[in-house]
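Inspection log for the structure reproduced underneath, given as structure tokens.
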Amino acid sequence: MKRSLLTLALVAVLVLAAVPASAAPPEAAEDQTWIVTLAPGTVAAEHAGRLVGPLVGSIQHVYQHVLNGFAFRGSERAAQALERNPNVLRVEASRGFRATGESANNGWFRIDADNTYTAGDRGQMANGTSVRIAVLDTGIDVDHTDLAPNLDVASSISCIAEEPSIQDGQGHGTHVSGIAAAANQGDGMVGVASEASSVSAKVLDSTGYGTDAEVICGLDHVAGLYAADGIPTVINFSLGEAHAAEIGCDSSGMHQAICNLTNAGVTVVAAAGNSAADSSNSFYPAAYPETIAVSAFSALNGTPGNDGCEFFLDTFSY
């Protein structure tokens, strides 16, 4: 299986007022989600409940493979208390991510994706093992006739508590999965890697929004699958958001998770944002050095060559 094919499959493919001492204390700040990274030797599965128990908060996710830590929902005061615990390395507020990418099939036509099937590049290793493509997105339509043959439902997961099914309620994840791994059914769409196995990690809700706490949940799940069977795995991120620059794997829980994944042998591909902006210093996860960042454009005619682009310029240059 050529790495270029794996990449291609994922291209076309985010005031407290002062009060008198006798008055009731001010209400705590509104709860939010926090990502906690634990010190080495402090096992998240064993200590998360003990650490959060004395505080006013609830555990959202426990990470065991890509990050030694957990996510919890609570106040800033609770987060500060956790940060002072000697078993805790870092506490950070969770950040938002959104789906990125077009919903039309122009990109698929433009790269002649169906030709990869004819050429024999179909997403399998020489021994017939199907490469795993993990789509971290809004889910996948489990009943889609082009996707069902390659979709590993049993290995899929939803990290959205309010949407426990991997069923796609927005459409973006289904679109991305089709570009990557739609089966050759004789009609309809054919994925670039049409015999690869697809796994859904639902980390964005039906509005196309999620947080890094949920994204790390998806990464952690995929890492567990890879650790269990060693099947060659590629992660697709058609999501992202502009954030402050991060330097070094320990700059955030998200960055640490991706570093640990790539060090283990998992390939991570991320969309550059589709916003005509430089993503190298601000758009994450594409900006992480450990990811393969992909940017793209689409001509109006949806075919190889620049005819469609020229038509676009001619039309709108008057």
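The values are calculated or read from the model by the stated rules, or taken from the named source; none is laboratory data. Please read these numbers as outputs of a predicted model, since none were measured by experiment. Every residue, glycine as well, gets a Cβ built from its backbone with ideal geometry; the counts of neighbours run over all protein chains shown. SASA here: full protein model, heavy atoms, side chains in, ligands and nucleic acids out. Shrake-Rupley method; radii C 1.70, N 1.55, O 1.52, S 1.80 Å.
Odds and ends about this structure:
- Total formal charge among the other residues, if their Cβ is under 9 angstrom from that of GLN170, Lys/Arg +1 and Asp/Glu -1: -3
- Expressed as a whole percent, the accessible area of segment 113-231 that falls on carbon and sulfur atoms is 48 (1.4 Å probe).
- Solvent exposure of segment 121-234, expressed per residue, is 34 Å² of accessible area, with all protein chains present and a 1.4 angstrom probe.
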